[in-house]
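Contents: one structure, followed by commentary.
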Amino acid sequence: MIQRLDESGDPLAPPEKLPDLTAVAELERAETPRWVLARSRTHRRLLTETGVEVARSHDVELVEGLLVAAAGGFGQPHGLAAAVARLEGRTPEPDPPVGVDDRPTLFDTGPVDELADIVAVHRAQQAVLAADPRMRLLAAAESAAGLVAEEMTVHGLPWRADVHDELLTEALGPRSSLGGRPPKLAALADEVVAAFGGRAVNLDSPAEVLRAFARAGHELGSTRSWELKGIDHPAVAPLLAYKELARLHTAHGWAWLRTWVHNNRFRPEYVVGGVVSGRWASRGGGALQIPRAVRAAVRADPGWKLVVADAAQLEPRVLAALSGDHALAPGEDDLYTALASAEFGADRATAKLALISAMYGQTSGGAGQLLGTLRRRFPAAMGLLEDAARAGEEGRLVRSHLGRTCPPARPGHELPAAARARGRFTRNFVVQATAAEWALVLLAELRLALRSAATGAQLVFFQHDEVLLHSPAETADDVAELVRVAALTAGRRLFGATPVRFPMRPRVVDAYDER
């Protein structure tokens, strides 16, 4: 069932039943409406799996999550059933999960009264969004991101299983037919045991490793790399090498390859807004943490290219635009180099440390003196961060540029250590969440540009501030230009006529590891 609505969400005609998804495609071509999707992932997946592309959508579930959090109800249920309960003054309960075999079709989601519920929730959402242009932009971008996420899953990231196998064999040695440690891991484990005098140690157990070092006279608080590097013991070097290879074997080894790569495509499930700041998460496969050791396996198909681009120093540039301290981000040149030249004796590493310390609330070591320099040079930018930190310490809410809201304080936040921790979180939240909004708008703009230009390219990967597209070789340069333009447009959409630029410099390559 579908129902036509006006801009405010009021019905224009009685509900009507469409015969099949072909009718949806015909309506899309003829009218390009904004489709209201209530069962977010189910409806988006059904559209993309059947090849029906819609230009615009309003995702009731995603938008409800934004509005509930903005009203101070972060973490409350925000599915369709919960939204209806709120409209009716009842206590919301989460929507029941939809099983694989009983998931509804796109428009045949139940009786007409469920359609009425969808209309009522959408109307209530439109009333709130009409009074808040920024939140309206966020709702549109988040809804578009929902479509992008499903399309990327359906397209899949090109992934050469044979190349991945070669990379693993080179790094770890031949795969064990009995399921044990690969040869190089086993050899490193033997080196560590020998360094501890031959006494057996389970290297995958931090507690056992700590006890082994304690017996050798080294009391450690953890097995983190930086702490291990601070002691002089022959087990340290092989243990660090073991830890690195073990992470590769566990997270992206042969078991991962068998589970996640089929027909030379990696198809993870992305979770839009899965992190409180609005960044994405993923379910299984570690899609947002592809290590450099296996990136060479991400390769374009024959006759195709990969277009890869990430935003240069996105969060500092967002801070400059948010605060109006535009001198912090002059032009499109490297921001840290420019800052180092002006304030830190041309030492780029120090300039980067100073700015990251400011955004993340790091004051230990020499960071305090560096922050003093930034406060003097960029008072508006540092003031914005410190105001956000103070709000967090006092238990207040902070919001991103478009209105994404941080989680409320928990009981006990008023204790000094907890208050300082929350202040560090809110200090960064305003910047990171706004950077996530910039990325959402980038995705929305890029998706529409790709549809209009008919390049044949597909968005196949997204990670925080990076996009990867799979393009026919003959249109790859055009696609790279679309990425550059979309990045500039995203900055204007968020901040208007700001002099701050958000450059992306795409590279056209055959494999993800190429620079």
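Nothing in this text is a laboratory measurement; each read-out follows from the coordinates by a stated rule. It should be emphasised that the depicted structure is a prediction, and the values quoted were computed from it without experimental measurement. Quick reminder, even Gly has a Cβ in these numbers, built from the backbone with ideal geometry, and neighbours come from all protein chains shown.
Scoring 337-349, 294-306 by mean Cβ neighbours within 10 Å over their residues and listing the highest first yields 294-306, 337-349.
Semi-axes, largest first, in whole Å: what does sqrt of 5 times each Cα gyration tensor eigenvalue give for segment 403-511?
Sorted largest first and rounded, they come to 37, 15, 11 Å.
As an equivalent ellipsoid, segment 1-84 spans semi-axes of 26, 15, 11 angstrom, where each value is the square root of five times an eigenvalue of the C-alpha gyration tensor, largest first.
Placing one equal scatterer on every Cα of the chain and applying the Debye formula, the log10 ratio I(q)/I(0) at q = 0.07, 0.08 Å⁻¹ is -0.48, -0.63.
Backbone amide hydrogens, once placed in the peptide plane, bring Glu394 within less than 5 Å of nothing, excluding anything fewer than 5 places away on its chain. Averaging 1/r over each pair of different alpha-carbon atoms in segment 130-192 and inverting the result gives 16.1 Å, the Kirkwood hydrodynamic radius. Contact order, relative form, for segment 320-432: 23 percent (alpha carbon pairs under 8 Å, 6 or more residues apart, mean separation divided by residue count).
In the chain, Cα pairs under 8 Å separated by at least six residues give a relative contact order of 16 percent. If the chain linking Gln362 and Arg247 were pulled fully straight, counting 0.36 nm for each residue of separation and taking away their Cα-Cα distance, it would gain 38.6 nm. Residues Asp334, Asp204, ranked from the fewest to the most other C-beta atoms within 10 Å, line up as Asp204, Asp334. Taking Lys and Arg as +1 and Asp and Glu as -1, the other residues whose beta-carbon sits under 12 Å from that of Arg181 total 0. Annotation for segment 228-280: trypsin sites (Lys or Arg not before Pro) lying in DSSP loop with at most 13 further Cβ atoms inside 10 Å of their Cβ are Lys229. With Rg and the Kirkwood Rh both taken from Cα atoms, where does Rg over Rh land for segment 161-257? Looking at segment 161-257, the ratio lands at 1.01.
Only one residue of Pro506, Val154, Gly383 has its Cα farthest out toward the positive end of the dipole of the chain, where Lys and Arg carry +1 and Asp and Glu -1 on Cβ, and that residue is Gly383.
Dividing the Cα radius of gyration of segment 375-444 by its Kirkwood radius returns 1.04 for Rg/Rh.
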